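The values are calculated or read from the model by the stated rules, or taken from the named source; none is laboratory data. Predicted model, so just to flag it, every value in this text is computed and none were measured. Cβ coordinates were reconstructed from backbone atoms using ideal geometry, including for glycine residues, and neighbour counts include every protein chain displayed.
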Amino acid sequence: MSLTKKLLSGSAIQLSNLLLEIVIGFLLLPFLIKELSIETYGLWILVMSIVSFLGLMTLGLSSAVQRFLSVEISAKNYQEYQKTASSSIFVFLFLGLLCIIVSYIISLFSVSFITQDNLTDDFKNLILLMGCNVAIKFFSTPFRAALTAEFKFIAVSVIDILSLLIKTILTILFIHNDMGVVYLGVALLIGEASGNVLLAIIASKKLKHFNAKISLLSKAKIIELLKFSINSFIATLGEMLRFPIDNIIISSFIGLSFVTVYSIPVRLLSYANAFILQSVSVLQPMFAKLHAEQKHKELREKFEFASHISFCLGGLLASGLFIFGSNFIDLWISQYKEIELLIIILPISLLVGISQQPTIMVLYAINKHKYYAYQNIIESIFNILLSIIFLQYWGGYGVALGTVIPMVIGKFIFLPKYVCKQLDYNLSKYYKIYIKSLLLTIFITSLMKLIFIPNLSWLELIFSGLLFSLIYILCFFFIVAETRIQNQMLSILYKVAHIKRKKER
């Protein structure tokens, strides 16, 4: 199979996997809130937010391993490839054990996070369970990175789907039988463990050059990975100090019930972000490969194409949330008055911030992510400060504003300028595409808001959403996309149709 077909099929199955996850998440969320209560579900969100910080213990090594394996396998430098694989496995194994110890320590300080005595034991148990879950993810990281570096997207996605189904079935079984929120953690742990163990087995058996031995453990390689990863760690820290810290702030100042309310639009944002990321993520190893081969012109072209896709999806999803978000949530869960304003504020991060995924991916691929790392930290510091200040005046809405404002400034003004300079890409051309995309989104959103009739049924909402998506994509294609990008998009559609016809035969 050609590399183009691998990328197309990989992107398709990853998006299918994500859509399945979104559908299951949509169906499960109302069920969980109803069965657990809004306060107990808020505890679950709080625990997941706290546990997400355990990911910082990897020190950014995940992206470093991904990048090094991609470059080394592309250069056919199998000796260095095996050193990277072996060294990273043993490092992540150590970090996993350390993660379990840290999660136990966190569980001892439950009173620092929650004030409800009846939920203290649940908090402790969930922290321990989810700490073990993160530890298992640590161990599987090199295996996932190796499969991705060799474009084995289908294998990774199939395993992820299997893991998702196990988690879903166990969740419904446990919660339906009133086993409590702790067993929600048990279901997640069993599902994740099953998938990640299978991931390690597949990588070990199917990858020809993947060979983990103690004799290949290299101190020099670990130091090299750490030098690359320190900036990834700082960037990840910045991401952690955004939405996860919001939940901790809300829990401390407002209460667990509003954590649940705030998490609903954030959940929609996370799905939208994941959709954009999955749509272009297959290009991450491609960017690293082109950089390693010094094909700078082709790298710029791929970056330009990925940016068009990201702008289109970011605008489409943000506009869709502005227009249909409140109606959707009313049908999906129930009517929370607080969500009305949140669904207006938070999608701005999609429109301006999250649509910058290709710029971030390129910086990691060319090992120039130090700037992004420090910018992310500065954004996050302002996020915390502004959230706490604004919270005093506008409650949970102030937290949302404190999150969005620094992201908009950093991602719209500073990040594009730096990335275009590193790629020797015309900044004016980039902003021309970016601003045209923003103006199109603002125009379509404003127009649709004028003609949109609220309180639609599910069928009416789905039909309206599909019609809106078609109109938006066509407008983007003919108004925003340049001729060369239009031709590339048409070429991809032709290849997809050609692959489909061949399969039907």
Right, Ile127: free of Cβ contacts under 8 Å to residues at least 40 places away in the same chain, in a helix (DSSP H, G or I) and under 24 Å from Val47 (Cβ atoms) or not?
no
Checking Ser140, Ser157, Ser163 in turn, the sole residue that is in contact with an Asp or Glu (Cβ under 7 Å, 6 or more places away or on another chain) and buried (at least 19 other Cβ atoms within 10 Å of the Cβ) turns out to be Ser163
Can you say whether Ser103 is over 30 Å from Asn211 (Cα atoms) and modelled with pLDDT of 90 or more, as far as the supplied structure shows?
yes
Of the candidates Ala155, Ala212, the one satisfying the condition of being among the aliphatic types (A, V, I, L, M) and touching a Leu at 6+ places or on another chain (Cβ under 9 Å) is Ala155
So in the stretch 69-96, with the set limited to residues that are of a type in the set (Phe, Trp, Tyr) and modelled with pLDDT under 85, which one is nearest to the chain's Cα centre (by Cα)?
Tyr81
How about the stretch 379-475: which helices (runs of 4 or more DSSP H) wholly inside it have at least 2 residues that are surrounded by fewer than 18 Cβ atoms within 10 Å (Cβ to Cβ) and out of contact with any helix residue (DSSP H, G or I) (no Cβ under 6 Å at 6 or more places or on another chain)?
415-423, 427-451, 458-475
Would you confirm whether or not the stretch 486-504 contains a residue that is in the same structural domain as Glu298 (by TED's automatic domain parsing), assigned to a helix (DSSP H, G or I), surrounded by 15 or more Cβ atoms within 10 Å (Cβ to Cβ) and modelled with pLDDT of 85 or more?
no
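Take the conditions touching a Pro at 6+ places or on another chain (Cβ under 8 Å) and of a type in the set (A, V, I, L, M) and apply them to Ala75. Does it pass?
No; evaluated as a whole, the condition is false for this residue.
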Any residue at all in the stretch 75-86 that is among the aliphatic types (A, V, I, L, M), closer than 17 Å to Leu226 by Cβ and touching a residue at least 40 places away in the same chain (Cβ under 8 Å)?
yes
Out of Thr148, Thr236, Thr171, I need the residue that is modelled with pLDDT of 85 or more and surrounded by 18 or more Cβ atoms within 10 Å (Cβ to Cβ). Which one?
Thr171
Criterion violated by Gln79 - all others in (1) buried (at least 19 other Cβ atoms within 10 Å of the Cβ); (2) within 15 Å of His209 (Cα to Cα) satisfied
(1)
If we ask which residues in the stretch 439-456 are more than 19 Å from Gly314 (Cα to Cα) and without any contact (Cβ under 8 Å) to a residue 60 or more places away in the chain, their number turns out to be 3
Which helices (runs of 4 or more DSSP H) does the stretch 252-343 wholly contain that include 3 or more residues that are in contact with a strand residue (DSSP E or B) (Cβ under 9 Å, 6 or more places away or on another chain), assigned by TED's automatic domain parsing to the domain that holds Ser70 and within 30 Å of Met489 (Cβ to Cβ)?
none
In the list Ile245, Ile254, Ile201, which residue meets the criterion of being of a type in the set (Val, Ile, Thr) and free of Cβ contacts under 8 Å to residues at least 60 places away in the same chain?
Ile201
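Any residue in the stretch 204-223 that is part of a helix (DSSP H, G or I), among the hydrophobic types (A, V, I, L, M, F, W, C) and under 30 Å from Ser387 (Cβ atoms)?
Scanning the stretch 204-223 turns up no residue that is part of a helix (DSSP H, G or I), among the hydrophobic types (A, V, I, L, M, F, W, C) and under 30 Å from Ser387 (Cβ atoms).
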Does the stretch 355-369 contain at least one residue that is in contact with a Gly (Cβ under 6 Å, 6 or more places away or on another chain), farther than 30 Å from Glu301 by Cα and touching a residue at least 40 places away in the same chain (Cβ under 8 Å)?
no
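Do we find that Phe143 is closer than 27 Å to Glu293 by Cα, under 26 Å from the mean Cα position of the chain (by Cα) and either outside the structural domain of Ser49 (by TED's automatic domain parsing) or not in a helix (DSSP H, G or I) (or both) in this structure?
For Phe143, the condition - closer than 27 Å to Glu293 by Cα, under 26 Å from the mean Cα position of the chain (by Cα) and either outside the structural domain of Ser49 (by TED's automatic domain parsing) or not in a helix (DSSP H, G or I) (or both) - is not met.
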